[in-house]
1. I'm trying to understand the selection: among the residues of region 40-88, which are of a type in the set (A, V, I, L, M) and either touching a Pro at 6+ places or on another chain (Cβ under 8 Å) or under 19 Å from Arg20 (Cα atoms) (or both)?
2. Which of (1) part of a strand (DSSP E or B); (2) at positive phi does Tyr36 not meet, given it meets every other one?
3. Would you please name the residue that is surrounded by the fewest Cβ atoms within 10 Å (Cβ to Cβ), looking only at residues in region 56-70 that are among the aliphatic types (A, V, I, L, M) and assigned to a loop (DSSP other than H, G, I, E, B)?
4. If Ile35 satisfies every condition in (1) under 17 Å from Phe11 (Cβ atoms); (2) β-branched (Val, Ile, Thr); (3) in contact with an Asp or Glu (Cβ under 6 Å, 6 or more places away or on another chain) but one, which is the exception?
5. Report, by residue number, each residue of region 9-27 that is of a type outside the set (Ser, Thr, Tyr) and either assigned to a helix (DSSP H, G or I) or over 25 Å from Ser46 (Cα atoms) (or both).
6. On the given criteria, is Leu73 assigned to a strand (DSSP E or B), buried (at least 16 other Cβ atoms within 10 Å of the Cβ) and under 14 Å from the mean Cα position of the chain (by Cα)?
7. Of the numbered conditions (1) of a type outside the set (A, V, I, L, M, F, W, C); (2) touching a Lys or Arg at 6+ places or on another chain (Cβ under 7 Å); (3) in a loop (DSSP other than H, G, I, E, B), Lys30 fails exactly one; give the number of that condition.
8. In region 38-55, what residues are surrounded by fewer than 19 Cβ atoms within 10 Å (Cβ to Cβ) and within 14 Å of the chain's Cα centre (by Cα)?
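What follows is calculated from the coordinates using simple rules that are stated; it is not laboratory data. Here the structure is a predicted model, which means the values were calculated and not measured. Here the Cβ is made from the backbone with ideal geometry for all residues, glycine too, and neighbour counts use every protein chain on show.
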Amino acid sequence: MELRTTIIRDFIGSENEISRIATWISENVKNRDVIYVLQQGIPEHSLQEDLRKIRAIEREELFELGKVAKGFLQKVRIRTKEEGEEII
């Protein structure tokens, strides 16, 4: 099973939010082989016009958020347009 969160700067993706999401997954999705993916949102493709002006999160920032999630989950990956999918 793959669960994913799309990260958009100043909208969703703080360390606290990722920690809370990863904690919830670890406590509520038991006995399943779960892969949690943090994917880079592409603001210019957003349906919400106000989000299109936001600068996309950098790969390095996403990697750091992946390390936060890794503190709670075994299988964490990030997806970026620069590097594709990477295992944390």
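1. Answer for region 40-88, where residues must be of a type in the set (A, V, I, L, M) and either touching a Pro at 6+ places or on another chain (Cβ under 8 Å) or under 19 Å from Arg20 (Cα atoms) (or both): Leu51, Ile54, Ala56, Leu62, Leu65, Val68, Ala69, Leu73, Val76, Ile78, Ile88.
2. Only one criterion is unmet by Tyr36, namely (2).
3. Filtering first and then ranking leaves Ala56.
4. Answer for Ile35: the failing condition is (1).
5. Answer for region 9-27, where residues must be of a type outside the set (Ser, Thr, Tyr) and either assigned to a helix (DSSP H, G or I) or over 25 Å from Ser46 (Cα atoms) (or both): Glu15, Asn16, Glu17, Ile18, Arg20, Ile21, Ala22, Trp24, Ile25, Glu27.
6. no
7. (2)
8. Listed by number, the residues that qualify are Gln39, Ile42.
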